[in-house]
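K.L.:
Submitted below is the structure of interest, expressed as structure tokens.
The values are calculated or read from the model by the stated rules, or taken from the named source; none is laboratory data. Remember, predicted model here, so these are calculated numbers, not experimental data. So basically every Cβ, Gly included, is an ideal-geometry build from the backbone, and we count neighbours across all protein chains shown.
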Amino acid sequence: MDFAREGLRVSNSVFMKRLFLLLTVVASVSVHAQQLTPPKPAADPVRTLVGRLELEKYKSTIKGLTQFGDRRQGTERNRKATDWIEAQLKSYGCPTDRIKYTLTTPARNNNATGGGGGGGGGQKPPDPIIASGEVRSGPGGSRYRGTTRRTGVNNDPLRQPDEKLRALNTEPAKDGEREEVYCTKVGTTRPDEMYIVGAHMDGHGWGEAANDNGSGTALVMELARIFSSPDVVTDRTIRFALWNNEETGLNGARAYVDQRAALQGKEDPPGSGRYPEPKWLGMIQHDMMMWDHGMPRADGTWNPEQRPEADVNIEFQSTAKRADEAMKLAFLFREANEKYATDYPAAVGPHMTNTDSTPFMDLVPAISLRENERGMHTGAGWNPTWHQPIDVFSTFSDNDFRLGLNAAQTTLAAVAQLTGTKLK
Ligand SMILES: [Zn+2]
């Protein structure tokens, strides 16, 4: 009996061992099966954020800016536009501050709006064709090629056919105190380092400054809105700056550099963990974002449609002290465009000029995004709305607005990666 019991015990024990082995094999097979099935990918926070940019919201922000006419510096309409921008930024949850400076127009340059314009009403090209087929040098190291048209600033109220808009734009600029607004998204782990995302909010020419530079201003405001969402966390700080006085010679951006460059990276008060001016890691400017209709035609007219080859032009300045790093930054933006922009590609060029990134370019890697290259395209007269009465909201089609939106997608994606952006 004892043997039998013993035998039973033995066979029981063998059975248990076999069962255990079998279960181990089953478990191990199932682990392997799990490993073969790819894990569910975590949602890409950059793609989620880019998806929050909407054409209709971008358009309505531009539309909001056009209620202040051409927003010429040194006027009530310019000050009201600054107040309106600040109110929007606050409503997005982005804390604001202002830079104050004084503008004194040098005596020799009292006609601040410069030449150009004159004569005629309505939607005619601003000036005749001045060259065709000739190669000449343009601003920023560029060269003009093909058909070019003379450019200038319209200074003639009668060329604005809309009487209400003409009345809104009547007050002339006066020298004196100036203000410009910015808002800041503070980084969680590196609050002492920041990227500056900028655009100028002033304009001129007796229109609505819809493209120059409602398009860049709205882009920066849309990014401020998205990055300020309560579920967005960034390692580094981002500052959204809406420069004033770009059109009088970059005075607002220069005032910022003059007043704040020396404050970079200083904790104030000491031990507070607060950095009123984090160390600048890069400056990204947006100026004229929507119109890429190609070269002027030989007869002085222009293509009324966005050209299908339209692109976002990312420029750095090859003569800047920080040119090599700016070039790398420009290509990082181009890559962000390839990965995240929905409609239009981006191209990189070395002739950044005549924009608010210029005062930064020897101190920090600085780039600008535009609809065209500032030198060889804009300077050669590719945009007939530039500083003209036809720079009004109704001039632009959805294909134009969408180019601006694609630039917004590009900058949002690049800055989100550079600042270590995550979603809560
Ligand atoms: Zn501009």
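K.L.:
Regarding the stretch 40-48, can at least one residue be identified that is at pLDDT 60 or above and within 30 Å of Q388 (Cα to Cα)? Can you show your working first?
P.N.:
Of the stretch 40-48, the ones at pLDDT 60 or above are 40-48.
Okay, now just the ones that are also within 30 Å of Q388 (Cα to Cα), so none.
For the stretch 40-48, residues at pLDDT 60 or above and within 30 Å of Q388 (Cα to Cα): absent.
K.L.:
Now for a separate question. Between a residue in the stretch 291-310 that is in contact (Cβ under 8 Å) with a residue 40 or more places away in the chain and any residue that is of a type in the set (V, I, T) and outside any loop (DSSP other than H, G, I, E, B), which pairs come within a Cβ distance under 6 Å, given they are 6 or more apart or on different chains?
P.N.:
G300/I129
K.L.:
Residues of the stretch 71-88 being of a type outside the set (F, W, Y) and surrounded by fewer than 23 Cβ atoms within 10 Å (Cβ to Cβ), which ones?
P.N.:
The initial filter retains those residues of the stretch 71-88 that are of a type outside the set (F, W, Y), namely 71-83, 85-88.
Across the stretch 71-88, the qualifying residues are G74, T75, E76, R77, R79, K80, T82, D83, E86, A87, Q88.
K.L.:
A further question on this structure: What's the number of the condition L281 fails, among (1) assigned to a strand (DSSP E or B); (2) within 16 Å of the ligand (Cβ to nearest atom); (3) surrounded by fewer than 24 Cβ atoms within 10 Å (Cβ to Cβ); (4) not hydroxyl-bearing (S, T, Y)?
P.N.:
Among (1) assigned to a strand (DSSP E or B); (2) within 16 Å of the ligand (Cβ to nearest atom); (3) surrounded by fewer than 24 Cβ atoms within 10 Å (Cβ to Cβ); (4) not hydroxyl-bearing (S, T, Y), the lone unmet condition for L281 is (2).
K.L.:
Moving on to the next point. For the stretch 374-399, which residues satisfy the criterion of being among the polar types (S, T, N, Q) and closer than 18 Å to P157 by Cβ? Steps first, answer last, please.
P.N.:
From the stretch 374-399, those among the polar types (S, T, N, Q) are 378, 383, 385, 388, 394-395, 397, 399; that's our starting set.
Across the stretch 374-399, the qualifying residues are T385, Q388.
K.L.:
Report yes if T217 is within 16 Å of the ligand (Cβ to nearest atom), under 30 Å from M295 (Cβ atoms) and surrounded by fewer than 24 Cβ atoms within 10 Å (Cβ to Cβ), otherwise no.
P.N.:
On the way: within 16 Å of the ligand (Cβ to nearest atom): yes; under 30 Å from M295 (Cβ atoms): yes; surrounded by fewer than 24 Cβ atoms within 10 Å (Cβ to Cβ): no.
No: the conditions fail for T217.
K.L.:
Would you confirm whether any residue within the stretch 193-201 is within 23 Å of T104 (Cα to Cα) and among the aromatic types (F, W, Y)?
P.N.:
Within the stretch 193-201, the subset within 23 Å of T104 (Cα to Cα) is 199-201.
Next, only the ones that are among the aromatic types (F, W, Y) stay: none.
There is no residue in the stretch 193-201 that is within 23 Å of T104 (Cα to Cα) and among the aromatic types (F, W, Y).
K.L.:
Could you pull out the residue among G249, G271 that is surrounded by fewer than 19 Cβ atoms within 10 Å (Cβ to Cβ), within 16 Å of the ligand (Cβ to nearest atom) and part of a loop (DSSP other than H, G, I, E, B)? Write out each step before concluding.
P.N.:
Numbers: G271 fails: within 16 Å of the ligand (Cβ to nearest atom).
Just one listed residue meets the conditions, G249.
K.L.:
Next up: For residues that are part of a loop (DSSP other than H, G, I, E, B) and at negative phi, scanning just the stretch 69-85, find the one that is farthest from the chain's Cα centre (by Cα). Before the answer, list the steps.
P.N.:
Of all residues in the stretch 69-85, those part of a loop (DSSP other than H, G, I, E, B) come to 69-75.
Checking which are at negative phi leaves us with 70, 72-73, 75.
Values: D70: 20, R72: 21, Q73: 21, T75: 25 Å.
Checked the stretch 69-85; the qualifying residue farthest from the chain's Cα centre (by Cα) is T75.
K.L.:
Right, something else. Identify, please: which residue in the stretch 226-246 is within 16 Å of the ligand (Cβ to nearest atom) and not charged (D, E, K, R) and is, among those, farthest from T188 (Cα to Cα)?
P.N.:
Step one: of the stretch 226-246, the residues within 16 Å of the ligand (Cβ to nearest atom) are 241-246.
If we keep only those that are not charged (D, E, K, R) as well, we get 241-245.
Numbers: A241: 20, L242: 24, W243: 26, N244: 29, N245: 33 Å.
Applying the filter and picking the extreme gives N245.
K.L.:
Applying the selection to the stretch 375-424, what residues are within 14 Å of T234 (Cβ to Cβ), at pLDDT 95 or above and not in a helix (DSSP H, G or I)?
P.N.:
Correct list: T419, G420, T421, K422, L423.
K.L.:
Identify, by number, the condition in (1) closer than 22 Å to T82 by Cβ; (2) within 16 Å of the ligand (Cβ to nearest atom) that N154 doesn't meet.
P.N.:
Of (1) closer than 22 Å to T82 by Cβ; (2) within 16 Å of the ligand (Cβ to nearest atom), only one is false for N154: (1).
K.L.:
Separate question: Residues of the stretch 180-205 being part of a loop (DSSP other than H, G, I, E, B) and more than 16 Å from the ligand (Cβ to nearest atom), which ones? Talk me through it step by step, then tell me what you get.
P.N.:
Let us first name the residues in the stretch 180-205 that are part of a loop (DSSP other than H, G, I, E, B), namely 186-189, 201-205.
Scanning the stretch 180-205 gives V186, G187, T188, T189.
Yes/no matrix, rows are residues, columns are (1) touching a Phe, Trp or Tyr at 6+ places or on another chain (Cβ under 6 Å); (2) buried (at least 24 other Cβ atoms within 10 Å of the Cβ); (3) touching a residue at least 60 places away in the same chain (Cβ under 8 Å):
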| position | (1), (2), (3) |
| --- | --- |
| D162 | no, no, yes |
| R166 | no, no, no |
| E171 | no, no, yes |
| E180 | yes, yes, yes |
| C183 | yes, yes, yes |
| T189 | no, no, yes |
| D192 | yes, no, yes |
| I196 | no, yes, yes |
| A199 | no, yes, yes |
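K.L.:
If you don't mind, there's one more thing I want to ask. Quick one: count up the residues across the stretch 284-316 that are assigned to a loop (DSSP other than H, G, I, E, B), within 16 Å of the ligand (Cβ to nearest atom), charged (D, E, K, R) and under 15 Å from the mean Cα position of the chain (by Cα).
P.N.:
Number satisfying all stated conditions: 1.
K.L.:
Still on this structure, please answer the following. Assess whether R260 counts as being more than 16 Å from the ligand (Cβ to nearest atom) and buried (at least 19 other Cβ atoms within 10 Å of the Cβ). Let's see the steps before the verdict.
P.N.:
On the way: more than 16 Å from the ligand (Cβ to nearest atom): yes; buried (at least 19 other Cβ atoms within 10 Å of the Cβ): no.
Criteria not met by R260.
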